[in-house]
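Trainee: Okay, handing you the structure first.
The values are calculated or read from the model by the stated rules, or taken from the named source; none is laboratory data. The structure displayed is predicted, hence computed values, not measured ones. Neighbour counts run over all protein chains shown; Cβ positions are idealised from the backbone, glycine included.
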Amino acid sequence: MRILHTSDWHLGRSFHGLHLLDDQAKVLADILYVAKNSKVDALVLAGDIYDRAVPPTEAVGLLNSTIEELILKLQIPIILIAGNHDNPDRLNFGQALFAQKQLYIYSTVTTKAVPLKLEDQYGPVYFAPLTYCEPLTATELSGEKKPTHDAALAWQVEQMLAQIPENSRKIALAHAFVAGATPTPDSERPLAVGGTTTVDIKNFAPFNYTALGHLHAAQNCSPSVRYSGSLLKYSFAEATQKKAVQIVDLDGAGNISVETVALAQPHDLLCLKGSFQELLAKDPADFATAYMQLTLTDTAPILDAKHKLETVYPQILELSYERLALAQKELSVAEAQAKKLTAHELFTNFFRAVNERELAEKEDTLLRKALNQLEDEGRHA
């Protein structure tokens, strides 16, 4: 069986006020081309289909047209799970009906979750959809305390494996942060407020291949546990990343081989630093289509710098002065650190300052539960 592994499309995302839907449509057209020419038997999408819980109408339309092309024209089944950006209830609409056309949607966490069985010339292949699951959800559904994402995932895996014959070929889909993997700073939304959000790669040991989503850089946690990475470069922190999909071949004995297929970016992201005159002297032909982040090293401000630089860089999305960035670093330690604190850390610091004591264990448990409930309510809005 040949499988195309992709994730983190984030349809409907904007970047520095620029809507990326046209860029997303072009890259999705490339994925359709790869799926057709590679003659894949299934496409797996490991979460974060949309960028937010209530996506814009145009994003829904783009997903719809892409799915129509894959299923109705190319006859390629799609298996997708919800990520932490997706609203599971909205994504779950029409699940049973769509499954009849081989669009398999797994968005809500449930105790009735079952693996999906597809067939190839060697027999059945079982897909375990491990949709994004918060610890609070796993605790409520299992009736047992699941304080971390790792515990929640282990519970999901146990559910799935109990329904799959032991020696069968198995593929997992998960949206998670595997311990040891490399996140992209300022790019991926944190999975939770406070607590441990990473999961142990050992959870995926029973599977022949695990298709991961969440981290935007394509990377291998092991030969059989991989992130495909995001559809586009969604922050300047991703500027040097190469975007790709994974083509996974699974043979009759359960062995895998993986080919990484690069995705061309309609507009690359480039970061340049230098004086105003140095940047102005560059060849405009090298930057005609790129989205630019420019950092000026001049100590004195340049009058109308952005307008003048646009003659070389027509699409400047971010322009700053290095001296201001350095000054920002000289802010008080407390203020600089506060910008990086989670809601849980901010509240515990506030509580300590007001009450001159730490939160008791029971109080901390209530706080984490309330914060996670707020996060969950936001996703289901």
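Trainee: For segment 1-33, enumerate the residues that are of a type in the set (Val, Ile, Thr) and either on the phi > 0 side of the Ramachandran plot or in contact with an Asp or Glu (Cβ under 7 Å, 6 or more places away or on another chain) (or both).
Mentor: ILE3
Trainee: Can I ask one more? Please give the number of the condition SER187 fails out of (1) in contact with a Phe, Trp or Tyr (Cβ under 7 Å, 6 or more places away or on another chain); (2) crowded, with 21+ Cβ neighbours inside 10 Å.
Mentor: (2)
Trainee: Can you name the residue in segment 291-339 that is surrounded by fewer than 10 Cβ atoms within 10 Å (Cβ to Cβ) and among the acidic types (Asp, Glu) and, of all such residues, is modelled with the highest pLDDT?
Mentor: ASP304
Trainee: Let me ask another. Taking LYS170, is it in contact with a strand residue (DSSP E or B) (Cβ under 7 Å, 6 or more places away or on another chain), of a type in the set (D, E, K, R), touching a residue at least 24 places away in the same chain (Cβ under 8 Å) and under 22 Å from TYR291 (Cβ atoms)?
Mentor: Against the criterion (in contact with a strand residue (DSSP E or B) (Cβ under 7 Å, 6 or more places away or on another chain), of a type in the set (D, E, K, R), touching a residue at least 24 places away in the same chain (Cβ under 8 Å) and under 22 Å from TYR291 (Cβ atoms)), LYS170 does not qualify.
Trainee: Give the residues of segment 219-244 that are crowded, with 18+ Cβ neighbours inside 10 Å, of a type in the set (D, E, K, R) and over 10 Å from SER187 (Cα atoms), sorted by residue number.
Mentor: ARG226, LYS243
Trainee: Consider THR210 carefully, then state whether it is within 26 Å of GLU259 (Cβ to Cβ) and either crowded, with 17+ Cβ neighbours inside 10 Å or at pLDDT 95 or above (or both).
Mentor: In short, yes.
Trainee: Taking the options THR148, THR131, THR139, name whichever one is surrounded by 15 or more Cβ atoms within 10 Å (Cβ to Cβ), over 22 Å from the mean Cα position of the chain (by Cα) and of a type in the set (S, T, N, Q).
Mentor: THR139
Trainee: Which residue out of LEU136, LEU130, LEU80 is touching a helix residue (DSSP H, G or I) at 6+ places or on another chain (Cβ under 9 Å), farther than 21 Å from ALA172 by Cα and of a type outside the set (Asp, Glu)?
Mentor: Exactly one of LEU136, LEU130, LEU80 is touching a helix residue (DSSP H, G or I) at 6+ places or on another chain (Cβ under 9 Å), farther than 21 Å from ALA172 by Cα and of a type outside the set (Asp, Glu), namely LEU136.
Trainee: Which of the helices (runs of 4 or more DSSP H) found entirely inside segment 1-106 contain at least 2 residues meeting this: closer than 22 Å to LYS117 by Cβ?
Mentor: By residue number, 95-99.
Trainee: Separate question: So which of HIS267, HIS380, HIS344 ends up being under 30 Å from LEU4 (Cα atoms) and either at pLDDT below 90 or of a type in the set (Lys, Arg) (or both)?
Mentor: Every option except HIS380 fails the conditions.
Trainee: Hey, another quick one. Is one or more of the residues making up segment 277-289 of a type in the set (Gly, Ala, Ser), free of Cβ contacts under 8 Å to residues at least 40 places away in the same chain, buried (at least 16 other Cβ atoms within 10 Å of the Cβ) and farther than 28 Å from VAL40 by Cβ?
Mentor: The answer is no, given that none of the residues of segment 277-289 is of a type in the set (Gly, Ala, Ser), free of Cβ contacts under 8 Å to residues at least 40 places away in the same chain, buried (at least 16 other Cβ atoms within 10 Å of the Cβ) and farther than 28 Å from VAL40 by Cβ.
Trainee: When you scan segment 367-378, do you find a residue that is touching a residue at least 60 places away in the same chain (Cβ under 8 Å) and more than 22 Å from LYS145 (Cα to Cα), even just one?
Mentor: Yes, segment 367-378 contains a residue that is touching a residue at least 60 places away in the same chain (Cβ under 8 Å) and more than 22 Å from LYS145 (Cα to Cα).
Trainee: While we're looking at this one, here's another question. Tell me the residue from ALA370, ALA353 that is at pLDDT below 85 and either small (Gly, Ala, Ser) or outside the structural domain of ASP186 (by TED's automatic domain parsing) (or both), please.
Mentor: Just a single option satisfies the conditions, and that option is ALA353.
Trainee: Next question, about the same structure. Report whether or not VAL114 is touching a Phe, Trp or Tyr at 6+ places or on another chain (Cβ under 9 Å), aliphatic (A, V, I, L, M) and within 28 Å of GLN373 (Cα to Cα).
Mentor: no
Trainee: On to the next question. Looking for whichever is within 19 Å of the chain's Cα centre (by Cα), more than 24 Å from LEU250 (Cα to Cα) and either modelled with pLDDT of 95 or more or not assigned by TED's automatic domain parsing to the domain that holds GLY229 (or both) here; the options are ASP8, ASP23. Which one fits?
Mentor: Answer to the selection: ASP23.
Trainee: Among the residues that make up segment 185-199, is at least one of them closer than 24 Å to ASN92 by Cα, in contact with a helix residue (DSSP H, G or I) (Cβ under 8 Å, 6 or more places away or on another chain), in a loop (DSSP other than H, G, I, E, B) and modelled with pLDDT under 95?
Mentor: Checked against the condition, which is being closer than 24 Å to ASN92 by Cα, in contact with a helix residue (DSSP H, G or I) (Cβ under 8 Å, 6 or more places away or on another chain), in a loop (DSSP other than H, G, I, E, B) and modelled with pLDDT under 95, segment 185-199 yields at least one hit.
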